[in-house]
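Trainee: I have a structure here, written as structure tokens, and I will follow up with some questions on it.
The values are calculated or read from the model by the stated rules, or taken from the named source; none is laboratory data. Model, not experiment: these values are computed from the prediction. For neighbour counting, all protein chains shown are included, and Cβ atoms are generated from backbone atoms with ideal geometry for every residue, glycine included. Protein only, heavy atoms only, side chains kept; ligands, DNA and RNA dropped before computing areas. Shrake-Rupley method; radii C 1.70, N 1.55, O 1.52, S 1.80 Å.
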Amino acid sequence: DLDPGSCLGRGLHQSDPQAGCLIQMLSISPLVPIYLHSEPIDMRKSFDGLVGIIKNDLSRDVRDGGLFMFLNSRRNRIKILYWDTDGIAIWMKRLEEGCYQRPLRCADGKHVIITHAELQCTLSGVDVLVRRQVVSTVS
């Protein structure tokens, strides 16, 4: 796993609004699981469409907690859906340049569970998959 400060090695600073903005804004507990859907989705999907994907593809209920992340086919947009005590909320980010990396697949082929540090790095533009490969070959 990556430590939260590892994103800062790529020229990002704690004051940078992109560095961990969602984690800081929502005060996400380290106990909250983060599910990254492996397949691209149509970003026109909103609450009901994304909840349907969570139920059908991930066999989860958004009301049970967790962050559910989705990428579009161009990988320049990300949506994060979560239960916010009294309703469902969506957070979205569009990259002006570059793209997010396609996640590795887990056994069911539908999602990857990522750490809070990986979420922070992903939202800050760090290629988590490359970092993970480097860490695993050094060990």
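Trainee: Considering region 84-100 alone, what residues qualify as being in contact (Cβ under 8 Å) with a residue 12 or more places away in the chain and in contact with a strand residue (DSSP E or B) (Cβ under 7 Å, 6 or more places away or on another chain)?
Mentor: The answer is I88, I90, W91, M92, K93, R94, Y100.
Trainee: Hey, another quick one. Please give the number of the condition V51 fails out of (1) in a loop (DSSP other than H, G, I, E, B); (2) modelled with pLDDT of 90 or more; (3) out of contact with any strand residue (DSSP E or B) (no Cβ under 6 Å at 6 or more places or on another chain); (4) surrounded by 15 or more Cβ atoms within 10 Å (Cβ to Cβ).
Mentor: (1)
Trainee: Only residues in region 36-63 that are under 15 Å from I90 (Cβ atoms) and touching a residue at least 12 places away in the same chain (Cβ under 8 Å) count as the first member; pair them with residues that are part of a helix (DSSP H, G or I) and open to solvent by 20 Å² or more (accessible area, probe 1.4 Å), Cβ under 6 angstrom, at least 6 apart or cross-chain, and list the lot.
Mentor: V62/V51
Trainee: When V62 is evaluated against the numbered criteria (1) at pLDDT below 90; (2) touching a helix residue (DSSP H, G or I) at 6+ places or on another chain (Cβ under 7 Å), which criterion, by number, is the only one it fails?
Mentor: (1)
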